[in-house]
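Single-structure report; data block below.
The values are calculated or read from the model by the stated rules, or taken from the named source; none is laboratory data. Because the structure is a prediction, the values reported are computed rather than measured. Cβ: placed from backbone, ideal geometry, glycine included. Neighbour counts: every protein chain shown.
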Amino acid sequence: MFDWMDDVSADDDAAFYDQSGSYIPEASDCMRCGLCISLCPTYKLFQIEEESPRSRIRTLDKIINDKGLISTEDLEHLNNCTQCRACETICPSQMAYGQLFNQARETLLSSQASKPGTHFLAPLGFKLIERKNLFSMVTVLLAGYQKSGLAILLKKTPLLRLLKLDKAEALLPEVTLQNLSDHYYPTSQAFKGTVALFTGCISEHFDQKTLLASIKVLNALGFTVLVPKHQGCCGALHQHQGQSHIADQLAINNINVFNTLPVDAIIYTASACGLMLKEYELKDALAIDKFNVPLVDITEFLCLHWPEELKLNEAALSGKSVAVHEPCSQRNVSKVSEKKHQYVYSLLEKITGLNVQPLPDNQTCCGAGGVHCLTHPEVAEPLRAIKLGHFQKSNADYLVTTNIGCSLHLKSGLALKNISVPSNGASTLNKVYHPVSLIAELLKPT
Ligand code: SF4
Ligand code: SF4
């Protein structure tokens, strides 16, 4: 059926083969079979052909091969894509949808037909995540805004909505000002090794709880943790917006920073960042070394190094239940992540008495999609509502996910709905956890 697969030859056009010699399908290789349609979240929402992967691949083909000659409607449907890559998991032609999408965005960007993001603050947002020092300074303003009462005041006025800042404000978590960077966290247990922690662009200030929990558990397992100061954004957001030249610079910086450290592994906590870091290895054009130690997801690392004798204080969660939201970056990009989401379940199963269940319909994207939830709330919010409906019906006490983007998006949805948990009637505002944060809370003092 797929004659081209038998014809792979190293002498053919190198642009269509990866380093291992495997054929990379072009947009025009889509057979229009439609198998991908059932997995596409935007097709599920809108139920029209234009919102299907098949239709988008036709648009990508036009952009890549006809250099951007597409209609405004085609562009709108293309931009509604959450880039979840669920379509890749079922495609018999093995279409590299994510890769084609990035390539098309780059073509559009160079032809000035589309700019990254649609919000007037988007260029500033991209600059902030490129420069951590600048981002740290802005967090001081954000913390002042949150703590001074200005946030409460402004939310009562229409100003945020009029300035189109209401969506961003809803996503904003409680900001932490202290830096973790350039610190060294030694273990007090029998020494097993040293690891470096990847913190990316926003986690230190927007999700420090997960990073501190990771350090605490790694220390308890006998690992000393380094948090290098000059590491930066993984580059995923830039890559997906067609700014691969900036993504490449960010990749080079991270590789240079981590390769100078005397560590046994690099640990990441956010699955989308981890996916991008792993994709550095696919960046053939980068004339640099790759990471010289293994790059490992925190849940996988903890499972692989969990000592038999380490016991948790399980009473606090006995009889409770968690629903696991599996980020698309973990479950859909099998070529890179090899279905690593199973480690989340293995790690949570170390908590005796805790009921662990997958969130129903995990194969469908929650709509977060990097900045997609900010640029396309009309797509992201209905998808989130479906997810939260599943959570509510599951009667689970906690919602667990390994990706900061999904976590912020889902938390903001819970804040809007103020969903109650059946077991204690409390608000679920603080019911979204990284699995490592749950584990850290149950560690017995040593
Ligand atoms: S990446 Fe996701 S949203 Fe985009 S076309 Fe594929 S399945 Fe649909
Ligand atoms: S499953 Fe693959 S080949 Fe079939 S329509 Fe979708 S993208 Fe095209």
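In contact with a helix residue (DSSP H, G or I) (Cβ under 8 Å, 6 or more places away or on another chain), at pLDDT below 95 and more than 14 Å from ligand 2 (Cβ to nearest atom) - does that describe any residue in the stretch 27-41? No, there is no match, as no residue in the stretch 27-41 is in contact with a helix residue (DSSP H, G or I) (Cβ under 8 Å, 6 or more places away or on another chain), at pLDDT below 95 and more than 14 Å from ligand 2 (Cβ to nearest atom).
Thr224 falls short on exactly one of the conditions (1) in contact with a helix residue (DSSP H, G or I) (Cβ under 7 Å, 6 or more places away or on another chain); (2) surrounded by 15 or more Cβ atoms within 10 Å (Cβ to Cβ), and that condition is (1). Of the numbered criteria (1) among the small types (Gly, Ala, Ser); (2) crowded, with 18+ Cβ neighbours inside 10 Å; (3) closer than 23 Å to Lys229 by Cα, the one Ala170 fails is (3). In the stretch 29-66, the qualifying residues are those that are in a loop (DSSP other than H, G, I, E, B), of a type in the set (A, V, I, L, M, F, W, C) and under 17 Å from Phe101 (Cα atoms), and the one that is nearest to the chain's Cα centre (by Cα) is Cys40.
Exactly one residue among Leu154, Leu134 is modelled with pLDDT of 80 or more and of a type in the set (A, V, I, L, M), and that residue is Leu134. Restricting the stretch 385-418 to residues that are modelled with pLDDT under 90 and in contact with a Ser or Thr (Cβ under 9 Å, 6 or more places away or on another chain), the residue that is surrounded by the most Cβ atoms within 10 Å (Cβ to Cβ) is Leu414.
Within the span defined as the stretch 420-433, one or more residues are at pLDDT 90 or above and not in a loop (DSSP other than H, G, I, E, B). Considering Thr89, Thr72, Thr107, which residue is in contact with a Lys or Arg (Cβ under 7 Å, 6 or more places away or on another chain), surrounded by fewer than 21 Cβ atoms within 10 Å (Cβ to Cβ), at negative phi and not acidic (Asp, Glu)? Of Thr89, Thr72, Thr107, the one residue that is in contact with a Lys or Arg (Cβ under 7 Å, 6 or more places away or on another chain), surrounded by fewer than 21 Cβ atoms within 10 Å (Cβ to Cβ), at negative phi and not acidic (Asp, Glu) is Thr107.
Residues of the stretch 231-255 that are surrounded by fewer than 23 Cβ atoms within 10 Å (Cβ to Cβ) and either without any contact (Cβ under 8 Å) to a residue 40 or more places away in the chain or outside the structural domain of Tyr268 (by TED's automatic domain parsing) (or both): His245, Asp248, Gln249, Ile252, Asn253, Ile255. Here the helices (runs of 4 or more DSSP H) wholly within the stretch 67-186 that include at least 2 residues being of a type in the set (Gly, Ala, Ser) are 97-110, 122-130, 132-147, 166-171.
The lone criterion from (1) closer than 17 Å to Cys84 by Cα; (2) touching a helix residue (DSSP H, G or I) at 6+ places or on another chain (Cβ under 7 Å) left unmet by Val356 is number (1). Would you check if there is a residue in the stretch 204-213 being surrounded by 22 or more Cβ atoms within 10 Å (Cβ to Cβ), under 17 Å from Cys273 (Cα atoms), in contact (Cβ under 8 Å) with a residue 60 or more places away in the chain and among the small types (Gly, Ala, Ser)? No - not one qualifying residue is present in the stretch 204-213.
Do you know which residues across the stretch 66-88 are within 9 Å of ligand 1 (Cβ to nearest atom) and hydroxyl-bearing (Ser, Thr, Tyr)? The one that is within 9 Å of ligand 1 (Cβ to nearest atom) and hydroxyl-bearing (Ser, Thr, Tyr): Thr82. Within the stretch 138-167, the set of residues being of a type in the set (A, V, I, L, M, F, W, C) and surrounded by 12 or more Cβ atoms within 10 Å (Cβ to Cβ) comprises Val138, Val140, Leu142, Ala143, Ala151, Leu154, Leu159, Leu160, Leu163, Leu165. Output the residues belonging to the stretch 163-186 that are closer than 17 Å to Ile266 by Cβ and either out of contact with any Asp or Glu (no Cβ under 9 Å at 6 or more places or on another chain) or modelled with pLDDT of 80 or more (or both). Within the stretch 163-186, Leu180, Asp182, His183, Tyr184, Tyr185 qualify.
Is one or more of the residues making up the stretch 53-62 modelled with pLDDT of 85 or more and more than 11 Å from ligand 2 (Cβ to nearest atom)? Yes, because at least one residue in the stretch 53-62 is modelled with pLDDT of 85 or more and more than 11 Å from ligand 2 (Cβ to nearest atom).
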